[in-house]
Amino acid sequence: MKPIALITGATSGIGEATARILAKKYRLIITGRRAERLDQLESELKTEVQKLVFDVRDREAVNNSIEGLPSDWKAIDVLINNAGNAHGLAPIQEGNVDDWDAMIDINIKGLLYVSKAIIPGMVDRQKGHIINIGSVAGIEAYPNGNVYNASKYGVNGLTQGMRMDLISHNIKVSEIKPGLVQTEFSEVRFKGDQEKAEKVYQGYDPLQAQDIAETIEFILSRPAHVNIADMLVLAGSQASATMVNKKS
């Protein structure tokens, strides 16, 4: 029987692309807030699927959903903590507190809630692999990034701590830090302003969700004695969080 992978934020972008690529080798638990998108994705995946509709910020919903899985779906082998968002782009003195709460609640607390619900089972079985999707913004701050940077620095620190805590239980913990990936990320950051969102990806070839999904597939394909613990993935035209070689 295929192993089981749970993917958060599977309704778009990296999460959706990851579900499609892992469907070749895994039974999938796909999660997200938008039920209709999960329904559509399930209909297109050529593997067994369980859908869980919840917001990672809602601890009770996370726990109830994962606890409510059928017994033959509880032994989760792989957790992809992909759900995350950026909200707003403003200097700290002009920041929107609701945006701050959303980023901290989704990017840090949501990752923790889902991990807390799944890790005890991995510990009991003495095996598992957790991949956290961080960001270049988690190792390099940039102007107006402030709280988003802080949340992704938090993911970086959490990943390192999780790896240390879980190593004695034969559980691998990895982090992928993407650079500029053309997804709904900028549309969310700019609150639906399509013109601003599109400009982020103009003048160069940004990463695509498929690129990160293939990176996840590669990490999971390594033998038991290998853990790709940390990986920074940038577009070919990107040298840092803020330096991109754009065509004029």
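The values are calculated or read from the model by the stated rules, or taken from the named source; none is laboratory data. Every value quoted in this text rests on a predicted model; they were computed, and no experiment measured them. Here the Cβ is made from the backbone with ideal geometry for all residues, glycine too, and neighbour counts use every protein chain on show. The area values use the complete protein model at the heavy-atom level, side chains included, leaving out ligands, DNA and RNA. Shrake-Rupley method; radii C 1.70, N 1.55, O 1.52, S 1.80 Å.
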Can you pull out the residues in segment 64-82 that are part of a loop (DSSP other than H, G, I, E, B) and small (Gly, Ala, Ser)?
GLY68, ALA75
Within the set of pairs 6 or more residues apart or between chains, which connect a residue that is within 20 Å of ASP124 (Cβ to Cβ) inside segment 75-91 to a residue that is of a type in the set (D, E, K, R) with Cβ atoms less than 9 Å apart?
ALA75/ARG125; ASP77/ARG125; ASP77/LYS127
Quick one: SER168 ticks every box in (1) in a helix (DSSP H, G or I); (2) under 21 Å from the mean Cα position of the chain (by Cα) except a single one, so which number is it?
(2)
May I ask you to say which residue of ASN156, ASN107, ASN85 is among the polar types (S, T, N, Q) and outside any helix (DSSP H, G or I)?
ASN85
If you scan segment 30-48, which residues turn out to be closer than 30 Å to GLN126 by Cβ and out of contact with any Ser or Thr (no Cβ under 9 Å at 6 or more places or on another chain)?
LEU45, THR47, GLU48
With respect to ILE106, determine if the residue is modelled with pLDDT of 95 or more, within 24 Å of ALA224 (Cα to Cα) and crowded, with 18+ Cβ neighbours inside 10 Å.
no
Only one residue in LEU52, LEU38, LEU69 is more than 15 Å from the chain's Cα centre (by Cα), open to solvent by less than 40 Å² (accessible area, probe 1.4 Å), touching a residue at least 12 places away in the same chain (Cβ under 8 Å) and more than 25 Å from ILE171 (Cβ to Cβ). Which one?
LEU38
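Listed here are the residues, each with its yes/no results for (1) modelled with pLDDT of 95 or more; (2) under 14 Å from ASN85 (Cβ atoms); (3) open to solvent by 40 Å² or more (accessible area, probe 1.4 Å).
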residue	(1), (2), (3)
ILE4	yes, no, no
GLY15	yes, yes, no
LYS24	yes, no, yes
LEU28	yes, no, no
ARG34	yes, yes, yes
SER43	yes, no, yes
Do you know which residues across segment 187-217 are open to solvent by 40 Å² or more (accessible area, probe 1.4 Å) and under 23 Å from LEU166 (Cβ atoms)?
GLU217
Segment 46-63, residues that are of a type outside the set (A, V, I, L, M) and not in a loop (DSSP other than H, G, I, E, B)
GLN50, LYS51, ARG59, GLU60, ASN63
On the basis of being open to solvent by less than 60 Å² (accessible area, probe 1.4 Å), modelled with pLDDT of 95 or more and in a helix (DSSP H, G or I), does GLY161 make the cut?
yes
Going through segment 218-247 one residue at a time, which ones are among the charged types (D, E, K, R), closer than 24 Å to GLN160 by Cβ and surrounded by fewer than 16 Cβ atoms within 10 Å (Cβ to Cβ)?
ARG222
